Amino acid sequence: MGFPSCSPIGRTATHGRTVPYVPHDPKMPGTRTVVLATGTAEYAAQQLERVPGIEIVKRYELASAHADGALGRALAEAGAWAVVAGSEPYTREVFEKTPELAAILRWGTGSDAVDIAAATDAGVAVVTTPAVNAEAVADLALALMLACLRRLRELDAAVRDGEWRPRAPARDLAGATVGIVALGAIGKAVTRRVRGFGCHVIAVEPHPDVEFCKHHDVELTTLDDMLPRTDVLTLHAPATPATRHLIGAPELDALPRHAVLINAARGELVDQAALVDALHSGQIAAAGLDVFEHEPVESDDPILSAPNTVLSGHLASFSELGLSRTGDAVVANLRELLTGKLPASTLNPEAWR
């Protein structure tokens with residue numbers, strides 16, 4: 001699909017044209033308001049505008065609305081029937097302020113920013129787009145692995161500084177042992193890629209696809225067994241209370257000193273303070289991070305001064321393929337809801353009114 005240029009924040013697009021947004025603007029009988037709260041939804045705006053029976057309201061500034069009251073008031077002001085949501089928090093207070101809200105359409109897979117129980121109590125369906133960004137995220141995870149192992153930042157700096165090349169050789173991905181935490185759609189996509197490098201794959205997965213593991217020679221094991229054997233540890237688990245700080249000081253200590261940690265899943269999976277200590281002490285060799293415990297990263301965050309890191313700002317799925325597939329999925333989910341049907345990726349079907 002083609003990507004439209006971004007429209008000004010706080011404007012309404014309807015029937016292929018953009019007009020100034022006015023709260024409580026009258027609309028045709030039966031028209032439902034869909035608020036775009038995440039800026040990445042702009043890449044599907046033209047598709048959404050072609051969906052009959054809806055009015056699109058662009059409120060991209062809400063992506064940074066971390067105050068419950070501000071988000072709830074804005075959605076209520078727009079008369080939102082559905083919202084295309086990013087990582088802004090949807091709490092019980094938000095739902096109390098938005099009686100017309102019927103659905104949250106997540107632009108992405110995760111739902112950790114949504115209080116699912118509160119949404120269910122309020123009759124708000126929460127719909128995600130699982131698996132559609134798997135290839136894009138796996139590509140970035142692989143890029144982070146290679147950048148860390150081959151010390152790409154160091155090589156670039158050596159040429160720019162006139163050193164030409166560093167003295168110590170880099171490590172290789174070819175033939176390495178890669179430990180994968182979680183074999184969902186993204187973990188499987190990473191597996192297929194690293195198997196192409198001749199890597200031995202060991203994985204932790206509570207509900208494994210046995211046929212997939214057999215076909216790709218994946219060895220299933222426990223985290224405790226995996227860590228000391230791993231050259232590259234890559235995380236692809238969801239953020240839940242059980243996975244918070246899954247990788248902390250004890251786990252980092254268990255890794256070989258040449259190991260590389262990759263996290264393109266959720267920042268909460270790693271105790272970031274412990275990771276900074278491990279990098280400074282040389283307990284592990286490097287880390288490639290697309291996600292962080294606190295986002296966006298503040299300018300004084302210790303992770304920015306930790307050695308041997310390659311960092312990107314939670315954009316693993318921000319590629320042409322990732323955006324296109326996610327946009328298609330969001331539009332398809334919206335069309336289903338408008339016909340009164342629940343998409344298969346609805347997390348709380350009992351909430352649908």
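The values are calculated or read from the model by the stated rules, or taken from the named source; none is laboratory data. Since we're looking at a predicted model, the values are computed, not measured. Cβ sites come from the backbone with ideal geometry, for glycine too, and all protein chains shown count toward neighbours. Just the protein is used for accessible areas: all its heavy atoms, side chains included, with ligands, DNA and RNA removed. Shrake-Rupley method; radii C 1.70, N 1.55, O 1.52, S 1.80 Å.
Among the residues of segment 322-353, those that are part of a helix (DSSP H, G or I), open to solvent by 40 Å² or more (accessible area, probe 1.4 Å) and closer than 22 Å to Val51 by Cα comprise Arg325, Asp328, Ala332, Arg335, Glu336, Leu338. Is it true that some residue in segment 132-150 is surrounded by fewer than 22 Cβ atoms within 10 Å (Cβ to Cβ), within 27 Å of Ala237 (Cβ to Cβ) and either β-branched (Val, Ile, Thr) or at pLDDT below 95 (or both)? Among the residues of segment 132-150, not one is surrounded by fewer than 22 Cβ atoms within 10 Å (Cβ to Cβ), within 27 Å of Ala237 (Cβ to Cβ) and either β-branched (Val, Ile, Thr) or at pLDDT below 95 (or both), which makes the answer no. Which numbered condition trips up Ala278, out of (1) aliphatic (A, V, I, L, M); (2) under 20 Å from Ala237 (Cβ atoms); (3) part of a loop (DSSP other than H, G, I, E, B)? Ala278 satisfies all of (1) aliphatic (A, V, I, L, M); (2) under 20 Å from Ala237 (Cβ atoms); (3) part of a loop (DSSP other than H, G, I, E, B) except (3).
Of the strands (runs of 3 or more DSSP E) entirely within segment 154-249, those holding at least 1 residues that are open to solvent by 10 Å² or more (accessible area, probe 1.4 Å) occupy 177-181, 200-204, 218-220.
I'd like to check something: does segment 304-312 contain any residue that is hydrophobic (A, V, I, L, M, F, W, C), loosely packed, with under 15 Cβ neighbours inside 10 Å and closer than 20 Å to Ala141 by Cα?
For segment 304-312, residues hydrophobic (A, V, I, L, M, F, W, C), loosely packed, with under 15 Cβ neighbours inside 10 Å and closer than 20 Å to Ala141 by Cα: present.
Of all residues in segment 112-128, which are of a type in the set (Asp, Glu) and in a loop (DSSP other than H, G, I, E, B)? If the condition is that a residue be of a type in the set (Asp, Glu) and in a loop (DSSP other than H, G, I, E, B), then Asp112, Asp115 are the ones that fit. Each residue in segment 19-60 was checked for being at pLDDT 95 or above, closer than 13 Å to Trp81 by Cα and among the β-branched types (Val, Ile, Thr), and 6 pass.
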